[in-house]
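J.: Before I ask anything, let me first share the structure, which is written out below as structure tokens.
No lab work stands behind these numbers, since they all come straight from the coordinates. What you are looking at is a predicted structure, and each value in this text was computed from that prediction instead of being measured. In this analysis, Cβ positions are derived from the backbone assuming ideal geometry, glycine residues included, and neighbour counts consider all displayed protein chains.
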2 protein chains.
Amino acid sequence: MQQELRRRSNRDRTEATRADLIRAARRLFTEKSYADTGTPEIVAAAGVTRGALYHHFADKQALFAAVVEQEAATVAAEIDRASPASLSARDALIAGSDAYLAAMRAPGRTRLLLLDGPAVLGRAAMDEIDNRHGNRSLREGLVAAMRARSMTKLPVEALTALLAAAFDRAALAIEAGASDKDYRAVLVALMDGLSPAPPPSTRRAPSR
Amino acid sequence: MQQELRRRSNRDRTEATRADLIRAARRLFTEKSYADTGTPEIVAAAGVTRGALYHHFADKQALFAAVVEQEAATVAAEIDRASPASLSARDALIAGSDAYLAAMRAPGRTRLLLLDGPAVLGRAAMDEIDNRHGNRSLREGLVAAMRARSMTKLPVEALTALLAAAFDRAALAIEAGASDKDYRAVLVALMDGLSPAPPPSTRRAPSR
DNA sequence: TTCATAACATACAGTCTGTATGTAAATGAA
DNA sequence: TTCATTTACATACAGACTGTATGTTATGAA
């Protein structure tokens, strides 16, 4: 009856407590901000004490890093799920960017991943996380487009970073109320501009 | 002898104290970070007390905003100074972006303006500051390029924001040790990609 | 000179972070 | 099964910081 409450393995306890803390912290960090969320509030929401927090995480920043890590993974998963496997290189990039913008509409996600994340963890740490999750598919898409000759060859790391930065800013602007149509148009124009041939526009007649 | 110390007008006192506080805060915010800099340290460096700080600024965040404001103005001035008046629209944009990247090499400036700024003040407030200083010349350059038909017509606000975001990320990457050559090349390619005609195949200009 | 106000300085209350210490539960060896 | 050790917490504490309240001195106006 109360068998599963008594006699829980240490691994189960750790896993559950960590998950509770990350879940509570995620909620508060997205509802408010990193700076405006104190550890007392987090542990209260998680139903544990600060002792548990500092047992499982080095400090508040480490808990934040775990939240960011998980959220970045979620975003990457949503993008992967939304982008069908076989499209042209260009269409795959556009589908991916749409999926990214859609994923970033989750409340508080932009502040967590695009404002607090870089400020608290540093741009280098955020790059490391991004490269492990979100940016990977973007970079692969760009490499594929370059291989298919539908994009001029450029330094891949730099191009990935700068396009990602543009996506990020677009997500922030859209959340702030800007026209997603406008931003999407500019993003597409930026990507299409990188193709050596005239862009496969729906309006202009292709010259070949 | 001590005449100019006694009998200072209130306006002079306020001006001097505010300037001292902003200068000290700027130094510490660029050397460390907003979060790692306490008001006791700031007022000690400025040679005043916390009472003076909270008399002149609503809170620590307001002082930070004043620092950011001033720093953004400085960056804009450096760009204006470095970009000669009459170039082709394209060359003007490139000169401006080079000047921006050069200006952002000042120690701690990227963290202040690109990491802490957005996180502490919010993206909206940062946009407001940027639009008043740095982004203005960028937007005007883009409008000029579009009028000169050397750039396809696109929503100006969105284009300005996304290119500015790319510049920002480039500045961060370069400071983190990335190849400025690579990032410059990608920035130029992004801008050239927006021209309706094939990009002018000029040889690469010296990076500084 | 006198009174009001601005420009500070000092003192205080509340909160937060990280650590140190104490306790109960689990693990593994004997 | 026993028992020592380690893990997973809970509690208590020290230090620091932020914002405010209050007191004091200098300036400005009448």
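J.: Label region B:89-157 by shape, choosing from rounded, prolate and oblate, from the square roots a ≥ b ≥ c of the eigenvalues of the Cα gyration tensor; if a/c is under 1.5 it is rounded, and otherwise prolate applies when a/b is larger than b/c, oblate when it is not.
T.: Verdict is oblate for region B:89-157.
J.: Over all directions, average the projected area of the Cα convex hull of the protein assembly as shown and note it in nm².
T.: 26.7
J.: What 222 nm value per residue comes from the helices of chain A, counting each DSSP H run with n ≥ 4 as -39,500 (n - 2.57) and dividing by all residues, nearest 500 deg cm²/dmol?
T.: Taking each H run of at least 4 residues, the total per residue is -21000 deg cm²/dmol.
J.: Suppose every Lys and Arg Cβ carries +1 and every Asp and Glu Cβ carries -1, with no other charges. What dipole size does the protein assembly as shown come out with about its Cα centre, to the nearest 20 debye?
T.: The dipole magnitude comes to about 400 debye.
J.: Any chance you could check the Cα centroid distance between region B:60-94 and region B:146-201 for me, in angstrom?
T.: Taking the Cα centre of each part, region B:60-94 and region B:146-201 sit 17 Å apart.
J.: Give me the lysines in straight-line cross-link reach of A:LYS32: C-alpha distance below 24 Å, same-chain residues under 8 apart excluded.
T.: Counting by Cα, and skipping residues close in sequence, A:LYS32 has these lysines nearby: A:LYS60, B:LYS60.
J.: Continuing with the same structure: Average partner chain C-beta neighbours within 10 Å, per residue of A:114-123?
T.: 6
J.: A further question on this structure: Measure nothing but the geometry: give the 0 to 90° angle between the long axis through the Cα atoms of A:89-103 and the longest principal axis through the Cα atoms of chain A, rounded to 10°.
T.: Orientation of helix A:89-103: about 40 degrees from the principal axis.
J.: Taking the Cα centre of chain A as the origin and placing charges on Cβ (Lys, Arg +1; Asp, Glu -1), which of A:ALA52, A:PRO155, A:ALA178 is farthest toward the positive end of the dipole?
T.: Positive-end residue among those listed: A:PRO155.
J.: Still on this structure: Using a simple charge model, +1 on the beta-carbon of Lys and Arg, -1 on the beta-carbon of Asp and Glu, nothing else, what dipole does region B:68-208 show about its Cα centre, in debye to the nearest 20?
T.: 500
J.: While we're on this one: Give the aspartates and glutamates reachable from A:LYS153 as a straight Cα distance under 19 Å; neighbours fewer than 8 places away on the same chain don't count.
T.: Cross-link targets: A:ASP91, A:GLU140, A:ASP192, B:ASP180, B:ASP182, B:ASP192.
J.: Starting from 0.36 nm per residue, how many nanometres of slack lie between B:ALA19 and B:ALA82 once their C-alpha separation is accounted for?
T.: The span from B:ALA19 to B:ALA82 would gain 20.1 nm if fully extended.
J.: Pairs of alpha-carbon atoms within less than 8 angstrom and 6+ residues apart define the contacts here; what relative contact order does chain B have, in percent?
T.: 19
J.: Moving to a separate point now. Any chance you could give the angle, 0 to 90 degrees and rounded to 10, that helix B:156-175 forms with the longest Cα principal axis of chain B?
T.: With rounding to tens, the tilt is 70 degrees.
J.: When a footprinting reagent is the concern and you count Cβ atoms within 10 Å, what order do B:SER88, B:SER195, A:SER86 take, fewest first?
T.: Ranked by crowding around the Cβ, least crowded first: A:SER86, B:SER88, B:SER195.
J.: Taking only Cα atoms, what is the 0 to 90° angle, nearest 10, from helix B:180-192's long axis to the longest principal axis of chain B?
T.: Between helix and principal axis, roughly 60 degrees.
J.: I've got another one for you. Only four residue types carry charge here, +1 at the Cβ of Lys and Arg and -1 at the Cβ of Asp and Glu. Report the dipole size of region B:27-124 about the Cα centre in Debye, rounded to the nearest 20.
T.: 100
J.: Sort B:8-20, A:71-83, B:46-58 by the packing proxy (mean of other Cβ within 10 Å over each peptide's residues), most packed first.
T.: Order by mean packing, descending: A:71-83, B:46-58, B:8-20.
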